[in-house]
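Asker: Take a look at this one; I'll ask things after.
The values are calculated or read from the model by the stated rules, or taken from the named source; none is laboratory data. Since we're looking at a predicted model, the values are computed, not measured. Methodologically, a virtual Cβ is constructed for each residue, glycine included, from the backbone with ideal geometry; neighbour enumeration extends over all protein chains shown.
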Amino acid sequence: MKIAVCVKQVPEGSRRIDPETKRLDRSGEGTLNPFDANAVEEALRLKDAGGEGEVVLVSMGPPKAQDALRKALAMGADRAVLVSDDGAAGADLVATSSALAKALEREGADLILFGQQANDSDGAVLWAAVADRLRLPVVSQAAEVTHADGKLTVKRQTEFGYDVIEAPTPAVIAVSDAINEPRYPSLKGIMGAKSKLQETVSLADLGADGLESRTEIYALNDPPARGDSMKVEDDGNAAQAVVDFLAEKRLV
Amino acid sequence: MKPADYAPPFDARDYVAAPTDPDDERIEVGVLIVGAGPAGLACAIRLGQLLEAAPEVRERLGEVPVAVLEKGKQPGSHLLSGAVVNPRALRRLFKGRKRIDEMPFHGPVEHESVYYLTPRRALRIPTPPTMKNDGNYVASLSQLARWLAEQAEAGGAMILPETSAVKLLAADGRVRGVRTGDKGRGREAEPLGNFEPGADLVARVTVLAEGTQGHLTGVALNRFGLAGENPQVWALGVKEVWKVARPLDRVIHTMGWPLRGASKYREFGGSFIYPMGEDMVTLGMVVGLDYRDVELSVHDLLQELKTHPLVRKLLDGGERVAWGAKTIPEGGFLSLPKQLHAPGLLICGDGAGLVNVPALKGIHYAIESGSLAAEAAFGALQRGQTPSTPGTLAVYDEALRQSFVWKDLREVRNMRQAFGRGFWLGGALAGAMTATKGHFPPGSTRTERDSEQELIRTDRAQSYPAADGKLTFDKLSSVFAAGNKTRDDQPNHIVIRRDVPPELARMWERMCPAQVYEATGNGVDITPSNCVQCGAITAKGGRLTPPEGGSGPEYTVT
Amino acid sequence: MSTLVFLEHHGDELLKSSLGVLSKAASLGDDVAGVVIGLNVRGLADEAGKYGAAKVYVADDAQLEAPLPQPRVDVLAQLVRDQSIPTVLFANSVLSADVAAGLAARLDAGLNWDLVDIVQEDGKLVGKRPALQDTVYVDVGWTSEPRLALFRSGSFDPSETGGSAEVEDLQVSLEAFSTGARMVDQAHEESSGPSIEDAEVIVAGGRGLGGPENFTLVEELAKALGGAVGATRAVVDAGWYPYSTQVGQTGKTVAPKLYIACGISGAIQHKVGMQSSGVIVAINKDPNAPIFEFADLGVVGDVHNVVPKLTELVKARKS
């Protein structure tokens, strides 16, 4: 089974927003989005369970995103494709999903995996957009995935409990971070990662020039003040004071 | 009572073993360097240069001619220093390839002042000759290492971050390489779902550049009987980096307050305040770990220092952006191992103790020793010799003894030991030593281990400022500012006795800048995930070993 | 219709968060329509009318019964195109996030997500979005229509305006690939209380509880409030409570509407895991505990006295 995993490099360490571009400052060190590690791990497990296949990483980012890809290659992925183009900087959901879909089309995978979210923009929901462009079934929040006879069975985690959903391959699945514990790359894996194939493609290569974002950022502001803190000493009535406070805020 | 009375259950022999992985699982590299600090990276860079000009030697070193292991998340994550760097060794290393202005320095030192502080005043004193910094540059060691790492990789070295070296592989009296640490063990060391065992990494030459309190360095000194006459001693430095409203125009060192000068306290040290470009300042407190007061906390002394009018003014309107802590070997020349090589093994940098205490310099010695180690290893390989044959690597020790490293350290050899006698007497002796280039007083002062100092208790803690979150900070929020996100359910990597008297537990609690230890009614509790791996515990009655690779602080500007 | 609100339901009730978004949309002034999609959902239209919808589109079909996103994208895409609707709003959930993103791709429309508010400014629609762990708020907008917005669950409280809605039935026609995913077994309501990630109320315990046996105090209060139980690193380290409940830098990050911290000092390692909570109440014996600096209501007192009393009072209110 050929499995494509969409991964992203996110800024390492403390985050800041660049006041000029009003976007996240990605100029510092980067690392593999921790949630994508779950997706890479799941891909490796499915490949091992099936006995044979290939795990390809697909990513979009600046040239130095190669470092994040290397970590996933060290875990055991076979090769990587990086979509890197100045025209893609700051691309929003619509634009990103368009470029990624073209790159994924090129690969023709049986299964496309995403991580639960990117920890730099908290909830990209990219998979559903990509699935729509590829006209493939999509299941998200997968806490368990099994594959047998061209069919995927997914346990989806929702607010109301777990659904069991079936989908044919090819399909797109976004895994939740509860699905597995990503492996540590072995030393051999880390050392071997450098010699695995890492391809870089531009938007033109994909026929995806003229990417346009449909959203924009106007300004950065301070968050609304939390409001004054109140402090009371318990003289036997504090519990009542709390209930009154909660009632006033319609929390109870 | 002294910490040495409660020695930790640590046996260096547990950390030396023959390779156990089957031949086909063993990983082979040409030269293995442990530690991506200035010494290790200089070694990797120098090797890259030498191998470039000698492809036939490079061939013989296999697929990975030079590998550098780094236990932090990336080079620089565990590096912390002042620092004012003497560019001498960097000039030699990069001769004809890179200029000083291409390196990530924060400017040359233009002015400097030394102050003797009292609680409210700052008395300017003439800069002692050993501390003059003309021609030197201010740097963040963490940043410098990231730049050096890029150079090393460009020269062909393979850097392996998040990889700790936990055992020395040795057989038949020869060092064969190291064993890397396991990952994915739980609190009781039980393998978790994603358990990944370490691997045997064998090499023709192993270079230990682990920095202060190097784990395998200590193991090797013990295994090969390399320790010198005097034990090593250390100081603990705790520092912060601040964004400031007004630029600082000079490098500042202070002595005196908040340390106490009377000899019974044995509080040797001072502070540094360095400008980092126009908008940042770094400041730190450095105190010898031979101090005696149970209530002494270097972190809190730093907080106290910031309340001094001189310092408060510099930081006013600013904001803390980083914090960290690390020990510095302080024994100098007299505490150096008698030999820094063994069959198949070379030892460089702070791990070897190559620090000039009165000048507060060690980085250029680390770089120089790393270069010399590279030259020794390369030379042996080029001559067709086997580096693990006893005596082959003796050329390294010879080269070191001919170098400026040895000359400098020898000249200031008694200074630290003199200061053990208190600031005033020590100061006078130090003056005499400088004037006579180390010849007076005659003879060599003996050094005692830090853990051999008898503990006393005073009410020192009364004057530590409460944390206000703006100028002064508590330890936990400082550990956070160090970028420490260590996994909580790891095995404990600190070897100490738990059933210790309240005084000792209390001393550890105060000593540790990261709040790892807590005195309970009957002993001590540990929170190993707070640990920033400064190494202080090893000096004062315990033993730090490397935790899982990738753990610990993520320093970037220290 | 200028604004369309996706109304999600569970069982035979519209979700509170959807109704909140509907109320918000109605307050923005222009005509608001809701859309309900499922099987036998026509009856939900009345509810929508009460909360501000002037019109409700209903897509009622057996193929729409299971809460799967892609058939809903088909329905919405057709509706938006047919009616030239300029703005579509969603309240975040596992389902609606997938619907919103799929719709954005289908219509090549801008989607701003994780919003907590939306306003009209200089004739433009501006969304407000927290970033960097809620330390900064970003104003975001759209460069074209239709404009899609996904709001954080619970951003708005539903408010009844007592209106009624005109109902319009939609013809349902689905893409072949949209029916590829098939619901085999739908989730049954969990009986053990919400998971910590989804809970609207979390009651957490720290070292100040004194011992593992005192976690029952926390559990009782959580149960009374219908919430989940959280724990600090210190007590998890000490083995008092499982790691799955750990809130903080090396545990989970949560943002419930109400966070009650019992015997927790509030060190930054814990704070970063819960600082975005709507309302923070802290109970701690130590008046200097850092948690009092960012709690909305702080009680300096003994948790063993305050918490049981609080539980009693909450139970009394609810009955």
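Asker: Output the number of the condition that residue C:104 fails; it satisfies all remaining conditions of (1) assigned to a helix (DSSP H, G or I); (2) without any contact (Cβ under 8 Å) to a residue 60 or more places away in the chain; (3) surrounded by fewer than 23 Cβ atoms within 10 Å (Cβ to Cβ).
Answerer: Failed condition: (3).
Asker: Something else now. Those residues that are part of a helix (DSSP H, G or I) and either more than 7 Å from every other protein chain (Cβ to nearest Cβ) or in contact with a Phe, Trp or Tyr (Cβ under 7 Å, 6 or more places away or on another chain) (or both), I need them from the stretch A:132-167; list them, please.
Answerer: Passing the criteria: only A:134.
Asker: Scan B:91, B:13, B:46, B:26 and give me the residue that is without any contact (Cβ under 8 Å) to a residue 40 or more places away in the chain and of a type in the set (Lys, Arg).
Answerer: Criteria check complete, one pass: B:91.
Asker: Of the residues in the stretch A:42-97, how many are within 13 Å of another protein chain (Cβ to nearest Cβ) and among the hydroxyl-bearing types (Ser, Thr, Tyr)?
Answerer: The number of residues fulfilling the criteria is 2.
Asker: Further question on the same structure: Kindly indicate whether residue C:178 is outside any loop (DSSP other than H, G, I, E, B), of a type outside the set (A, V, I, L, M, F, W, C) and at the interface with chain A (Cβ under 9 Å from one of its Cβ atoms).
Answerer: In short, yes.
Residue by residue, here is whether (1) within 9 Å of chain A (Cβ to nearest Cβ); (2) surrounded by fewer than 19 Cβ atoms within 10 Å (Cβ to Cβ); (3) not in a loop (DSSP other than H, G, I, E, B) holds:
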residue: C:255; (1), (2), (3): no, no, no
residue: C:260; (1), (2), (3): yes, no, yes
residue: C:269; (1), (2), (3): no, no, yes
residue: C:272; (1), (2), (3): no, yes, yes
residue: C:280; (1), (2), (3): yes, no, yes
residue: C:291; (1), (2), (3): no, no, yes
residue: C:304; (1), (2), (3): no, yes, yes
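Asker: Continuing with this model, one more query. Could you say which residue among B:164, B:113, B:81, B:142 is of a type in the set (Ser, Thr, Tyr), touching a strand residue (DSSP E or B) at 6+ places or on another chain (Cβ under 7 Å) and under 30 Å from residue B:206 (Cα atoms)?
Answerer: B:164
Asker: Out of (1) assigned to a loop (DSSP other than H, G, I, E, B); (2) surrounded by fewer than 21 Cβ atoms within 10 Å (Cβ to Cβ); (3) within 7 Å of chain C (Cβ to nearest Cβ), what's the single condition that is false for residue A:210?
Answerer: The number of the failed condition is (3).
Asker: Here's something else I'd like to know. Looking only at residues that are within 22 Å of the chain's Cα centre (by Cα) and not in a loop (DSSP other than H, G, I, E, B) in the stretch C:181-219, which one is farthest from residue C:21 (Cα to Cα)?
Answerer: C:204
Asker: Tell me which residues, restricted to the stretch B:132-181, are hydroxyl-bearing (Ser, Thr, Tyr) and surrounded by fewer than 22 Cβ atoms within 10 Å (Cβ to Cβ).
Answerer: Residue satisfying the conditions is B:137 alone.
Asker: Moving on. Suppose the filter is within 28 Å of residue C:43 (Cα to Cα) and more than 9 Å from chain A (Cβ to nearest Cβ); does residue C:205 pass it?
Answerer: No; evaluated as a whole, the condition is false for this residue.
Asker: Still on this structure, please answer the following. How about the stretch A:227-238: which of its residues are out of contact with any Gly (no Cβ under 9 Å at 6 or more places or on another chain) and facing another protein chain (nearest Cβ under 7 Å)?
Answerer: A:227
Asker: Just to be sure before I move on: is residue B:127 in a loop (DSSP other than H, G, I, E, B) and surrounded by fewer than 22 Cβ atoms within 10 Å (Cβ to Cβ) in the structure I sent?
Answerer: yes
Asker: What do you reckon, is residue C:12 over 18 Å from residue C:103 (Cβ atoms) and not aliphatic (A, V, I, L, M)?
Answerer: So residue C:12 fits the description; yes.
Asker: Taking the condition over 30 Å from residue C:294 (Cα atoms), touching a residue at least 24 places away in the same chain (Cβ under 8 Å) and surrounded by fewer than 22 Cβ atoms within 10 Å (Cβ to Cβ), does residue C:83 pass?
Answerer: Yes: the conditions hold for residue C:83.
Asker: Determine whether the stretch C:16-23 contains at least one residue that is farther than 19 Å from residue C:162 by Cβ, within 19 Å of the chain's Cα centre (by Cα) and either among the polar types (S, T, N, Q) or modelled with pLDDT of 95 or more (or both).
Answerer: yes
Asker: I would also like to ask the following. Is it true that residue C:149 is over 17 Å from residue C:22 (Cα atoms) and either within 12 Å of chain A (Cβ to nearest Cβ) or modelled with pLDDT under 90 (or both)?
Answerer: No; evaluated as a whole, the condition is false for this residue.
Asker: Quick check on my filter: what residues within the stretch C:30-44 are closer than 12 Å to residue C:169 by Cβ and either at pLDDT 95 or above or crowded, with 20+ Cβ neighbours inside 10 Å (or both)?
Answerer: C:35, C:36, C:37, C:41
Asker: Looking at the stretch B:482-538 only, could you name the residues that are among the polar types (S, T, N, Q), within 22 Å of residue B:238 (Cβ to Cβ) and within 14 Å of chain C (Cβ to nearest Cβ)?
Answerer: Of everything in the stretch B:482-538, those that are among the polar types (S, T, N, Q), within 22 Å of residue B:238 (Cβ to Cβ) and within 14 Å of chain C (Cβ to nearest Cβ) turn out to be B:484, B:486, B:515, B:527, B:529, B:530.
Asker: What number of residues within the stretch B:475-515 satisfy the criterion of being touching a residue at least 40 places away in the same chain (Cβ under 8 Å) and within 22 Å of residue C:287 (Cβ to Cβ)?
Answerer: Of the residues in that region, 3 qualify.
Asker: In this structure, does residue C:125 turn out to be modelled with pLDDT of 95 or more, more than 10 Å from chain A (Cβ to nearest Cβ) and either part of a strand (DSSP E or B) or in contact with an Asp or Glu (Cβ under 6 Å, 6 or more places away or on another chain) (or both)?
Answerer: no
Asker: I'm told residue C:51 meets every condition in (1) closer than 27 Å to residue C:123 by Cα; (2) crowded, with 21+ Cβ neighbours inside 10 Å; (3) of a type outside the set (Lys, Arg); (4) at pLDDT 95 or above except one. Can you identify the failing condition by its number?
Answerer: Going through (1) closer than 27 Å to residue C:123 by Cα; (2) crowded, with 21+ Cβ neighbours inside 10 Å; (3) of a type outside the set (Lys, Arg); (4) at pLDDT 95 or above one by one, residue C:51 breaks only (4).
Asker: Another one. Of all residues in the stretch C:131-182, which are closer than 24 Å to residue C:120 by Cα and of a type in the set (D, E, K, R)?
Answerer: Hits for the stretch C:131-182 are C:134, C:139, C:145, C:147, C:152, C:157, C:160.
Asker: Still on this structure, I have one more. Report yes if residue B:183 is modelled with pLDDT of 95 or more and more than 30 Å from residue B:393 (Cα to Cα), otherwise no.
Answerer: The answer is yes for residue B:183.
Asker: State all residues of the stretch A:168-207 that are among the hydrophobic types (A, V, I, L, M, F, W, C) and within 14 Å of chain B (Cβ to nearest Cβ); if no residue qualifies, say none.
Answerer: Answer for the stretch A:168-207, where residues must be among the hydrophobic types (A, V, I, L, M, F, W, C) and within 14 Å of chain B (Cβ to nearest Cβ): A:178, A:179, A:187, A:190, A:191, A:193.
Asker: Surrounded by 17 or more Cβ atoms within 10 Å (Cβ to Cβ) and of a type in the set (S, T, N, Q): is that true of residue C:153 in this structure?
Answerer: The answer is yes for residue C:153.
Asker: What number of residues within the stretch B:191-232 are free of Cβ contacts under 8 Å to residues at least 40 places away in the same chain, of a type outside the set (A, V, I, L, M, F, W, C) and within 14 Å of chain A (Cβ to nearest Cβ)?
Answerer: So the count comes out to 6.
Asker: What are the residues in the stretch C:241-253 that are surrounded by fewer than 21 Cβ atoms within 10 Å (Cβ to Cβ) and more than 8 Å from every other protein chain (Cβ to nearest Cβ), if any?
Answerer: If the condition is that a residue be surrounded by fewer than 21 Cβ atoms within 10 Å (Cβ to Cβ) and more than 8 Å from every other protein chain (Cβ to nearest Cβ), then C:242, C:244, C:252, C:253 are the ones that fit.
Asker: Is it the case that residue B:33 is β-branched (Val, Ile, Thr) and assigned to a helix (DSSP H, G or I)?
Answerer: Criteria not met by residue B:33.
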